[in-house]
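Okay, structure first, notes after.
The values are calculated or read from the model by the stated rules, or taken from the named source; none is laboratory data. Bear in mind the structure is a predicted one, so any value in this text is a computation, not a measurement. Reconstructed Cβ throughout: ideal geometry from the backbone, glycine too, with neighbour counts over all protein chains shown.
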């Protein structure tokens, strides 16, 4: 059975990777859908995020990565899926995801499996990682090594452009 793990993954964190890895242990086929929200400011372009998620999940043979376009329920159904997998860290995440799960079920007949985050990632967010990175902080340990390296390269490139 195909499960879809959607998100913006800007950047993919160790928390995201944990949820994807756990989904890959449950489902035969996992599709990570990397989306773009026009109201968000991104650290990485959509193409970079798809590439990074692909690099970080390459060790998982039943995981593939695609750019998410259109309505999520249509994306899932067009690929033959019926299940979304979403990770939640705390009550506010759960409340939001429960609302979305009910909508996705009502609108598109797509079910949602909500996985609680592993305790070591329960306070981690991409927003925090971006904030640390923007100020030159070390994000290793919060993100996969490939992502930390790309963030360092991006920071060095921005310093050169500024100075």
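Can you tell me which of (1) without any contact (Cβ under 8 Å) to a residue 24 or more places away in the chain; (2) out of contact with any strand residue (DSSP E or B) (no Cβ under 9 Å at 6 or more places or on another chain); (3) in a helix (DSSP H, G or I) is the one residue 48 doesn't meet?
Unmet for residue 48, out of (1) without any contact (Cβ under 8 Å) to a residue 24 or more places away in the chain; (2) out of contact with any strand residue (DSSP E or B) (no Cβ under 9 Å at 6 or more places or on another chain); (3) in a helix (DSSP H, G or I): (1).
With the structure loaded, tell me whether residue 70 is assigned to a loop (DSSP other than H, G, I, E, B), crowded, with 19+ Cβ neighbours inside 10 Å and modelled with pLDDT of 90 or more or whether it fails that test.
The answer is no for residue 70.
Any residue that is part of a helix (DSSP H, G or I) and within 15 Å of the chain's Cα centre (by Cα) - is there at least one of those in the stretch 103-111?
Scanning the stretch 103-111 turns up no residue that is part of a helix (DSSP H, G or I) and within 15 Å of the chain's Cα centre (by Cα).
Return the total of residues in the stretch 77-101 being part of a loop (DSSP other than H, G, I, E, B) and touching a helix residue (DSSP H, G or I) at 6+ places or on another chain (Cβ under 8 Å).
Of the residues in the stretch 77-101, 2 are part of a loop (DSSP other than H, G, I, E, B) and touching a helix residue (DSSP H, G or I) at 6+ places or on another chain (Cβ under 8 Å).
Just for the stretch 86-133: of the residues that are in contact (Cβ under 8 Å) with a residue 24 or more places away in the chain and more than 29 Å from residue 2 (Cβ to Cβ), which one is surrounded by the most Cβ atoms within 10 Å (Cβ to Cβ)?
Step by step, filter the stretch 86-133, then rank; the result is 133.
Restrict the check to the stretch 17-36 and report whether at least one residue is out of contact with any strand residue (DSSP E or B) (no Cβ under 7 Å at 6 or more places or on another chain) and at pLDDT below 95.
Checking the stretch 17-36: at least one residue is out of contact with any strand residue (DSSP E or B) (no Cβ under 7 Å at 6 or more places or on another chain) and at pLDDT below 95.
In the set 19, 53, 76, which member is surrounded by 17 or more Cβ atoms within 10 Å (Cβ to Cβ) and farther than 24 Å from residue 129 by Cα?
76
Could you grab me the full set of residues in the stretch 115-128 that are under 14 Å from the mean Cα position of the chain (by Cα) and not in a helix (DSSP H, G or I)?
Across the stretch 115-128, the qualifying residues are 115, 117, 124, 125.
Test residue 59 against the criterion of being under 20 Å from residue 148 (Cα atoms), at pLDDT 95 or above and outside any helix (DSSP H, G or I), and give yes or no.
Judged against the criteria, residue 59 is a match.
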